[in-house]
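> The structure that follows is given in the form of C-alpha cells.
What follows draws every value from the coordinates through simple rules; no lab data is involved. Remember, predicted model here, so these are calculated numbers, not experimental data. Positions of Cβ are backbone-derived with ideal geometry, glycine not excepted, and every protein chain shown enters the neighbour counts.
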There are 2 protein chains.
Amino acid sequence: MKTKTKRVTILEVAKDAGVSFSAVSKVLRNAYGVSDALRERVNTSIKKLGYSPNMAARGLRGRSFVIGVVFPDMRNPFLADIFTGISSALQRTPYQAVRGIAGHSSETDLTQAMIDMQMDGIILVSSGLSHEQLTDSGARIPLVIIGNRPPAPTTFDTVNNNDEQSGRLVIAHLAKQGAKRIAMLSLESPTAMRMRERGYTMGMEENGSAHFGTIMRAPKLSRGLYSGIEALLEKRPEAVFCWCDEVAFETISHARANGLRIPEDVAIVGHDNTAYCALDQNSLTSVDQSGEQIGLNATKLLIERLEGRRECEQILLQPRLVVRRSSTIHA
Amino acid sequence: MKTKTKRVTILEVAKDAGVSFSAVSKVLRNAYGVSDALRERVNTSIKKLGYSPNMAARGLRGRSFVIGVVFPDMRNPFLADIFTGISSALQRTPYQAVRGIAGHSSETDLTQAMIDMQMDGIILVSSGLSHEQLTDSGARIPLVIIGNRPPAPTTFDTVNNNDEQSGRLVIAHLAKQGAKRIAMLSLESPTAMRMRERGYTMGMEENGSAHFGTIMRAPKLSRGLYSGIEALLEKRPEAVFCWCDEVAFETISHARANGLRIPEDVAIVGHDNTAYCALDQNSLTSVDQSGEQIGLNATKLLIERLEGRRECEQILLQPRLVVRRSSTIHA
DNA sequence: GCAATTTCGTGCAACCTTGCACATACAAGG
DNA sequence: CCTTGTATGTGCAAGGTTGCACGAAATTGC
C-alpha cells in the first residue's frame, strides 16, 4: 500500500538506454559531444520511463532554472497583468516561475526562502523594502525590482512606470475640466508612491491649486481604509485621485452611499486601468500602466542578468490616461 | 566585482562552533542527543554567520518542508481568501508555501514541476484535471484538491463547498420572491460546477420552473464571456445566477448598459461573496463559501497526510447566502 | 569498582545532478 | 605506418543536507 513510487533517476534512464549517466546528462543539457544516434536513444528512454530531472539536485550543482516572483498581496488584479507579462516572457525560455506572497511571511523572509530554494533570480514587485535591504539582496542574487525606484541602484535592475507622469496626467485632465479641489489617496510603502504624489503636487502647483494639496496615506491595501475615505469625502473635494483602482471603487461606493453623484459632485480617477474599470457600474477613469509590458521587461532584464550582464539597468515606461464617465464632468 | 557571495554552509557553522557538521544538523532538526550547551553554541554561530539551510539540498535527502499551491489563475479574488487560509494554517508549522499559476503552463506541467522541485505536497485549487489524472498525481505525491469533487478518491483528499446546496439556496431565495425564469451562468471545467448546476436544476424543479432551466457554460473565467451574457439577457430572465462574483459584476454591467434595472428587471446573484460584493455600486447578493476555512482545512489535511495518514478524507463545508440589493426585488 | 546503560557527538553514505578531465576510436596528414 | 586531430562517450568529484551506525564519555546499578 505504501507504494511511495520511487522517482525515475538519470541513472535508470542511462541503464535503459545502455549508456553512461553522464551521456544522459549531456543530452539533457544539450552539451557538446553527443551523436544524433545517442541523443535519439536517450530521448526514447526518457519518454518511455517518464523521466524528468530533479530540480533540487540540479539547483544544488548549477542553475535551477527557476525564478521567484514576490508579490505584496494577491488581491490587486494589476499584479495579475504583471504576472501575465512575466509568464509570456518566460514562454520560450528554459526558466520556470514560482510565486510567493508577502503579507503573511515578511518580504525579507520570503526573499531568503527563495534564495534557500536555489532560485536563479528574483523579481520583487512593489516591495516595501528599504534601499539598503534591496541593495543587500541584490548582492546575493540577481534581482529585478518593479514599482520601486530608489535613487541609484548598484546591485539590481528596476522597471517602473513613470509615476510622476501619472500624477501629472491625472491632474491636468481634471484641471482642464475646471476642478481645483483635488485630493489624493496614496500609500505609505513603495517609493513609487512618492513619485506619484510628486506628480500630483507638481500638477496642483501648475494648476494654481496647491493650497488644496491633500494627500491621505494608508499603510497598505486593505479594508480599513474606509474611515479615511469617509473623512476625505467630508472635505468635499471636487475630485479624488486614488492610487489604485480598488481604492477608487471603494471611493465610488462610499460617495454613492453618501448620496454624492459621480462625477457631478465628485470625480474619481483610479490607477492601473484594471479590467473592472470598464464595467458600467464603475466606468472609472484610470491611468494605464501596462502591467504586461512591465512584467515582460522585468523578465527580460532578469534573464539578461542571468546570462551575465553586470551593469545595472533601469526601464521607465510611460503611462496613458484612459478617460471614462467617472471623471467626465461636462458630458 | 563578481563577488558571487558564497553561501554560508552547515560546514562553516560547524567549524565556527567547533563541532562536527552532523552536530549542527542535529540542532537544526532538533534531533535527539544534543546538550543544551552545544545547542546554544551552534545557534550562536548560526546567527553570527547568518546561516540558513539550503532547501534544495535538504529536499534532495528528505523532506523539503515546502508545499506547492496551484491556482487556475490569479484574477479571482476568492483565491486570495483561500490563500489566506492556507497561510495562516501554515503559520506555526515548519512548512512554507509556494504558488504556481496554471493557465500559461498547463496544470499537469505545473504539478510535475512542483514534484521536480521536491515539494512535500501539493494543494490543487479548482483543477480542471480529470479524475484519472488526479488519481495519478495523488499516487506520486501527497495531494489535496479544492473545488473538485470526484466520486470516490483513492489517492488524495478533498475540501469542497457543498455546491449543490449553493445552487438550492440561491434558487430558493429567488423563488421566494416570485422569480420563475432563472438562468445560470456556469463553467465547463471543475466538477464542482456540475454540483452547483445540479443544485440549480433541483431547485428549479422544486420551484416548478424546470422548463426554463437555462445553463450557459463558459470554458473559463475570461472576458470573452461577454457575448454569452448578451445573448442570455435577451431571453429576458427574471434572475441570473452567476457561478462567481466576477461574472456577476459583468452581468450587472451588461444589464445596466442595456437599460435594465437591477433587481426590478433582472435580479443577479453571484458566488463566493468576495469583497467587491459589498460595494454600493454592486451590492451583489452572493453565496458565501468561506475561502479561508477551505484553505485552512486543506492545509490541515495535507499536513496530516505528510505526518503519515494513509486513508483519504473528504471535507464538505456548508455555504451561506448573503442577500444584498441585487436580488431584493420587493424592497 | 566493574558492568550495564544512558547521553552526547562524530563519521559517513546517500540523495541526483552538473561539468570537467579523461579515454577511446576513427580519420586525415605527413 | 606513425603522428596529430577531431568526434564521441565515460569516470568522477562536488554540491549541502539528512539520518543512521557507531564510538566515547558519563552515569547508574549492584
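> Could you work out the pair-distance distribution P(r) of the stretch B:10-53 from its alpha-carbon pairs, with 5 angstrom bin width and percents rounded to whole numbers?
Reading upward from the zero bin: 5, 28, 40, 21, 4.
> Please give the average number of partner chain Cβ atoms lying within 10 Å of the Cβ of each residue in A:239-250, rounded to a whole number.
On the way: counts 0, 0, 0, 0, 0, 0, 0, 4, 0, 0, 6, 5.
Average neighbour count from other chains, rounded to a whole number: 1.
> Using alpha carbon centroids, what distance separates the stretch B:45-67 and the stretch A:15-32, in Å?
That distance is 30 Å.
> Could you work out the relative contact order of chain A, using alpha carbon pairs under 8 angstrom and six or more residues apart, expressed as a whole percent?
Normalised by residue count, the contact order of chain A is 17 percent.
> How large is the Kirkwood hydrodynamic radius of the stretch B:119-159, counting all unique pairs of alpha carbons, in Å? Before the final figure, lay out the partial values.
Working: mean 1/r = 0.1012 Å⁻¹.
Evaluated on the stretch B:119-159, it is 9.9 Å.
> Something else now. How would you rank B:Asp265, A:Asp73, going from fewest to most other Cβ atoms within 10 Å of each one's own Cβ? Provide the component values of the computation, followed by the final result.
Numbers: B:Asp265 15, A:Asp73 18.
With the fewest neighbours first, B:Asp265, A:Asp73 line up as B:Asp265, A:Asp73.
> For the stretch B:71-141, what mean projected area does the convex hull of the alpha carbons give, in nm²? If you can, show how the numbers build up before the last one.
Numbers: hull surface 19.8 nm².
For the stretch B:71-141, the mean projected area of the Cα convex hull comes to 4.9 nm².
> Additional query: If we count every other residue with Cβ under 13 angstrom of A:Val8's Cβ, Lys/Arg +1 and Asp/Glu -1, where does the sum land? Mind dumping the intermediate values first?
On the way: positive: A:Lys6, A:Arg7, A:Lys15, A:Lys47, A:Lys48, B:Arg140; negative: A:Glu12, A:Asp16, B:Asp116.
Taking every Cβ under 13 Å from that of A:Val8, the sum is +3.
> Among B:Leu11, A:Thr274, B:Gly199, whose Cα sits farthest toward the positive end of the charge dipole of the protein assembly as shown (+1 at Cβ of Lys/Arg, -1 at Cβ of Asp/Glu, about the Cα centre)?
B:Leu11
> In sequence order, what are the phi-derived ³J(HN,Hα) couplings for the stretch A:148-162 according to the Karplus relation 6.51 cos²θ - 1.76 cosθ + 1.60 with θ = phi - 60°, rounded to whole Hz, with x for glycine and proline?
Going residue by residue, I get 6, 10, x, x, 9, x, 10, 10, 8, 9, 9, 10, 9, 6, 6 Hz, with x marking Gly and Pro.
> Among the trypsin sites (Lys or Arg not before Pro) within the stretch B:70-149, which fall in a DSSP loop and have no more than 15 other Cβ atoms within 10 Å of their own Cβ?
Working: sites: B:Arg75, B:Arg92, B:Arg99, B:Arg140; in loops: B:Arg75, B:Arg92.
Taking the stretch B:70-149 and a limit of 15 other Cβ atoms within 10 Å, the loop trypsin sites (Lys or Arg not before Pro) found are B:Arg92.
> Follow-up. Show me, for the stretch B:113-127, the HN-Hα J-couplings you get by feeding each phi into the Karplus relation (A = 6.51, B = -1.76, C = 1.60, θ = phi - 60°), rounded to Hz, glycine and proline as x.
Per-residue couplings from phi come out as 4, 5, 4, 4, 7, 6, 5, 6, x, 9, 10, 10, 9, 6, 6 Hz.
> May I pose another question? Neighbour counts of other C-beta atoms within 10 Å: give me A:Glu238, A:Glu206 arranged from fewest to most.
Values: A:Glu238 20, A:Glu206 13.
In increasing order of surrounding Cβ atoms, one gets A:Glu206, A:Glu238.
> Could you work out the mean count of beta carbons from other protein chains within 10 Å of each residue's beta carbon in B:81-87? Could you put the intermediate results ahead of the total?
Values: counts 2, 1, 6, 6, 0, 2, 4.
Average neighbour count from other chains, rounded to a whole number: 3.
> Going by how many other beta carbons lie within 10 Å of each one, how would you line up A:Ser290, B:Ser137, fewest first? Before the final figure, lay out the partial values.
Details: A:Ser290 19, B:Ser137 23.
By the 10 Å Cβ count, ascending, the order reads A:Ser290, B:Ser137.
> In addition: Looking at the stretch B:242-331, what % of the alpha carbon pairs are farther apart than 23 Å? Mind showing how you got there, number by number?
Values: 1534 of 4005 pairs.
Tail of the P(r) past 23 Å holds 38 percent of the pairs.
> Still on this structure: Taking one equal scatterer on every alpha-carbon of the stretch B:182-331, how large is log10 of I(q)/I(0) by Debye at q = 0.10, 0.11, 0.16, 0.21 1/Å?
The Cα Debye sum returns log10 ratios of -0.40, -0.47, -0.89, -1.39.
> Continuing with the same structure: Kindly state, as a whole number, the per residue volume in cubic angstrom of the convex hull around the alpha carbon atoms of chain B.
Details: hull volume 58.3 nm³, N = 331.
It is 176 Å³ per residue.
> Separate question: What residues have an amide H closer than 5 Å to that of B:Ser126, excluding those fewer than 5 places away on the same chain, when H is modeled at 1.01 Å from N in the peptide plane?
B:Ile146, B:Gly147
> Once the Cα gyration tensor of the stretch A:1-153 is found, what semi-axes does its equivalent ellipsoid get, as square roots of 5 times the eigenvalues, in whole Å, sorted largest first?
Values: eigenvalues 283, 58, 44 Å².
The answer is 38, 17, 15 Å, longest axis first.
> To continue, here is another question. What's the lysine pair count for chain B at a Cα cut-off below 29 Å, pairs eight or more apart or interchain?
22
> Starting from the alpha-carbon convex hull of the stretch A:74-115, give the projected area averaged over all orientations, in nm². Don't skip to the answer; put the middle values down first.
Numbers: hull surface 13.7 nm².
Computing the convex hull of the Cα atoms and averaging its projections yields 3.4 nm².
> Give me, ordered by chain and number, the residues 5 or more places off B:Thr214 or on other chains with an amide H under 5 Å from its own placed amide H.
Here the answer is B:Met184, since their amide H atoms fall under 5 Å of that of B:Thr214.
> What ratio of Cα Rg to 2.2 N^0.38 Å holds for the protein assembly as shown? All intermediate terms of the calculation are to be shown ahead of the outcome.
Numbers: Rg = 27.1 Å, N = 662, 2.2 N^0.38 = 26.0 Å.
Normalised Cα radius of gyration, the protein assembly as shown: 1.04.
> While we're here: State the answer as a single residue: which of A:Gly68, A:Leu110, A:Ser25 lies farthest towards the positive end of the charge dipole of the stretch A:14-165, with beta carbon charges of +1 for Lys and Arg and -1 for Asp and Glu, about the Cα centre.
About the Cα centre, the residue reaching furthest to the positive side is A:Ser25.
> Full-extension gain between B:Ser106 and B:Thr154, please, as 0.36 nm times their residue separation minus the C-alpha to C-alpha distance.
Values: separation 48, 0.36 × 48 = 17.28 nm, distance 2.35 nm.
Working it through step by step, the gained length comes to 14.9 nm.
> Counting C-alpha atoms alone, how compact is the stretch B:1-84: give Rg to one decimal and Dmax as a whole number, in angstrom.
My reading of the Cα-based Rg and Dmax gives 18.1, 53 Å.
> Work through the residues other than A:Leu129 whose Cβ is under 11 Å from its Cβ and net out their charges, Lys, Arg +1 and Asp, Glu -1.
Details: positive: none; negative: A:Glu107, A:Glu132, A:Asp136.
Spelling it out: positives minus negatives among the neighbours equals -3.
> Once you average over the residues of B:56-63, how many Cβ atoms of partner chains fall within 10 Å of each Cβ? All intermediate terms of the calculation are to be shown ahead of the outcome.
Numbers: counts 14, 6, 3, 8, 7, 1, 0, 0.
Mean partner shielding for this stretch: 5.
> Residues of the stretch B:146-178 with the amide nitrogen closer than 18 Å to a label point 7 Å from the Cα of B:Ile215, along Cα-to-Cβ, please.
Correct set: B:147-151, B:161-172.
> Expressed in whole Å with the largest first, what are the equivalent ellipsoid semi-axes of the stretch B:108-187 derived from the C-alpha gyration tensor as the square root of 5 times each eigenvalue?
Working: eigenvalues 248, 27, 20 Å².
Those come to 35, 12, 10 Å.
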